[in-house]
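Right, one structure below, let's go through it.
The values are calculated or read from the model by the stated rules, or taken from the named source; none is laboratory data. Quick caveat, the model's predicted, so the values are computed rather than measured. Heads up, the Cβs are rebuilt from the backbone with ideal geometry, glycines too, and the neighbour counts pull from every protein chain shown. We work out accessible area using only protein heavy atoms, side chains counted, and drop any ligands, DNA or RNA first. Shrake-Rupley method; radii C 1.70, N 1.55, O 1.52, S 1.80 Å.
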Amino acid sequence: MQLLESTSVELYNPQRKSIMEKLSILTDAAKYDVACTSSGVERAGNGRDMGNCKAAGICHSFSSDGRCISLLKILMSNECVYDCKYCANRRSNDIERATFTPDEICELTINFYKRNYIEGLFLSSGIVNNPSYTMELLYVTLYKLRHEYRFRGYIHVKGIPGADAALIRQTGYLADRMSVNLELPTAESLERLAPNKHRKTILTPMRQIQNGIEQGKNELALYKNAPTFVPAGQSTQMIIGATPESDYQIMSVAEGLYDKFGLKRVFYSAYVGINEDKELPAPQTASPLLREHRLYQADWLLRFYRFRVDELLSEKRPNFNILLDPKCDWALRHLEQFPVEINKADYSMLLRVPGVGVKSAQRICKARRSGVLCFDDLKKMGVVLKRALYFITCGGRMMYNTKLDEDYITRNLLSAQEKLPFDKDGITYKQLSLFDCVGQL
Amino acid sequence: MANETVLICEDSLDGVFTGIYEAYRFKKDNAVESHDLIHLAVKEPSAQRLFTDYINIETSPEKAAKVSRTLKKSLGETTYHNLCLAASATFEEKADAVYHTVVLGLKEHDANVLDRLYDSYVQSAFKCYRAAGNEANHFIEFTRFSELDNGILYAKISAKHHVLPFVMYHFADRLPANNFVIYDEAAQTFGLHPSFKAWYLAQGMNFDENSINYSDTEKEYQELFKRFCSSIAIEERKNLSLQQSLLPLRFRPNMTEFHV
Ligand code: SF4
């Protein structure tokens, strides 16, 4: 047998699964991981190898739930020695198991990529044997993909908490983005639902990756050809609605991660009931999709609209308004700061006007340098006037004779109806998108 | 009242750029007071206006190249790229919009002329480049290649605007080693990329889609991708109308995952 082990010859195994079977099982097992963006790194082709990366990311398709398909999102294996209560792959579940070989993953990635099905690979895994063993499997796969298959497209890989630091570091040189999942917003919830995981073991690799990114930047400044370490940055995700945290707690955690760990993105995943467990909401409980949507909108406000969590929520108001998006909600509670004169207001104030997005605020700032803007111009720049009109003046005038009154504006905004990404017939707020762009807030 | 002149140019990038060249020359030769009295169009008007002269312009790649060079030099790569996108839109007003935006940009020495959105010509150039740019992005996302038995990758698209060059540019950078072909059915134009060589466009090729032979593994990868797309969806979140607003039906006939 020794000879066989040292070569790549495979023994006959009646349980051997076809690639199609493995792909079904290991895609299905990865689908609750919400991060699927391919953004954050710009890498031109090198004129020889396959692949490049676009900073804005590219979506290649949309699945029937309206989520973007950008990366081949799979698990290496859904074998797992852990027993997280919320997860379908937990040890105590009797489900079909499968494991890809590194070459199978490479072949799939390359063949999907050249047909323009995907932007790259998103590779995660259940814990096979132990964290370091699992991390090594991921490392070997990425190494092959980069060096044998010479793939220059996007790679997002999971950092496995508890794995050997050297392995995480080496893997970081091969990936564009790395993420370690926070899983649940607080340490208590984590202890309760994921007995094998600990807040500290999760934060350690997060910190390590953050330091690696910093150090990588310095190395790059010193040696031009130094390999880049996780150039598209680090992300994480939290499950929403399986545990009792408030929006205020969740957003404060997110803000802390952005501030202290330099994360690129925090993702929120509305809990979908899979397992029957006394610690969990009943499986038939509807997924909190509207709540998840509000969290994404607020997250957007933190990252691009210069808001702080304390401006949006407080101990006294710990949850978002279900009826209004967080930006409108904020504006209505701060009417003393409006109306804003479009031709004069500074950029950060423009960003706070409902109906004005980042792009339109930038366009306004540029255009008004050489001319005076009127309402018609704003419309062409992408401002959503039916929301903005209550909050702005152009050349000192309001668009219509509207009142700056909270009840009056609220009524009008609600009747104009926020465009929610729900099904047309689903007034129940049941359907929601995880699409990366929450659009114009 | 001074007479207005409309120069009618060919509906292509070279056509529009030649038009710009001729408009400047016409202004100089005839000592026309202002560019406002000169317009570009890519089509004969359905009804000719009074006090307006119509002149047909013949496309000249040399004159177009001169204009390209000037624009790149004076307005910068980004603005040049966006003006090209605007000129590739299929809106009738595009030629005039690009021409007068160029006039404004050169007069003001402003590389960011496209930010002057209070100007109505710039507004319409903006509309054109945004529409063409969005469509080019869609094809960068949604184009699907199949592998033929000789290893060539083949894709078919059907574009509203003339965006094939922008799409070719993207894939040439991404797949330098591959021989690939993108066929824009609407414009009956082929984009061809030979392995490690420059890509080019071709028209009038004899081509029968039914005679294509696919590689041995092509079918298998198509099936694998379809399976991937169905397995990745979360049933509890099913939302077909959202899917449709993000991925409009018109793209689907050429997309592998929507073939039954
Ligand atoms: S570690 Fe926990 S969440 Fe991850 S696959 Fe195993 S059981 Fe699931």
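Net charge dipole, chain A: roughly 1540 debye, given to the nearest 20, about the Cα centre with Cβ charges of +1 for Lys and Arg and -1 for Asp and Glu.
Here the spin labels are modelled as points 7 Å beyond Cα on the Cα-Cβ line, and at A:Ser246 and A:Arg303 they lie 2.5 nm apart.
On the basis of the beta-carbon distance and an R0 of 56 Å, A:Asp405 and B:Arg49 show a calculated FRET efficiency of 0.65. At a threshold of 30 Å², the residues of region B:82-117 that become less accessible to a 1.4 Å probe in the full protein assembly than in their chain on its own are B:Asp115, B:Leu117. At a Förster distance of 56 Å, what's the computed FRET efficiency of B:Gln203 paired with A:Val372, Cβ-Cβ distance as r, to 0.05? Computed FRET efficiency for B:Gln203 and A:Val372 comes out at 0.75. With θ taken as phi - 60° and the Karplus curve 6.51 cos²θ - 1.76 cosθ + 1.60 applied, the whole-hertz 3J(HN,Hα) list for region A:306-313 is 6, 8, 10, 4, 5, 6, 8, 9 Hz, x standing for glycine and proline. Got a sec? Which residues in region A:382-411 would a label at A:Leu323 touch, if it sits 7 Å along Cα→Cβ and we count backbone N under 19 Å? Under cut-off, by backbone N: A:387-388, A:390-391, A:403-411.
Of the accessible area of the protein assembly as shown, computed with a 1.4 Å probe over protein heavy atoms only, carbon and sulfur atoms account for 51 percent.
Gain on full extension, evaluated as 0.36 nm per residue between A:Ser314 and A:Ala282 minus their Cα-Cα distance, stands at 8.6 nm. Considering only C-alpha atoms, what is the centroid distance from region A:334-411 to region B:149-220, in Å? Between the Cα centre of region A:334-411 and that of region B:149-220, the gap is 46 Å.
Placing a label point 7 Å from the Cα of A:Lys379 along the Cα-to-Cβ direction, the residues of region B:105-136 with a backbone N closer than 20 Å are B:116-131.
Counting only lysines at least 8 places from A:Lys379 when in the same chain, those with an alpha carbon closer than 26 Å to its own are A:Lys327, A:Lys344, A:Lys359, A:Lys366, A:Lys403, A:Lys419, A:Lys424, B:Lys94, B:Lys127, B:Lys160.
With the solvent-accessible surface defined on protein heavy atoms using a 1.4 Å probe, which residues belonging to region A:111-125 display a reduction of at least 50 Å² in accessible area in the multichain context relative to the isolated chain? For region A:111-125, once contacts with the other chains are taken into account, A:Phe112, A:Lys114, A:Arg115, A:Asn116, A:Tyr117 lose 50 Å² or more.
Note on B:Asn30 and B:Asp173: their simple-model spin labels are 4.2 nm apart, each label 7 Å out from Cα toward Cβ.
With a Förster radius of 56 Å applied to the beta-carbon distance between B:Phe91 and A:Ala221, the computed FRET efficiency rounds to 0.75. Helix A:102-114 and the longest principal axis of the C-alpha atoms of chain A enclose an angle of approximately 40°.
Computed across the protein assembly as shown, the Kirkwood radius stands at 28.1 Å (inverse of mean 1/r, all Cα pairs). Working note: 222 nm ellipticity from helices only, DSSP H runs with n ≥ 4, each -39,500 (n - 2.57), summed and divided by the residues of chain B, gives -14500 deg cm²/dmol to the nearest 500. The modelled label-to-label distance for the pair A:Glu21/A:Tyr347, using points 7 Å beyond Cα in the direction of Cβ, is 5.7 nm. Taking a straight line from the alpha carbon of A:Lys260, these lysines sit under 19 Å away, with near neighbours fewer than eight places off in the same chain left out: A:Lys200, A:Lys217.
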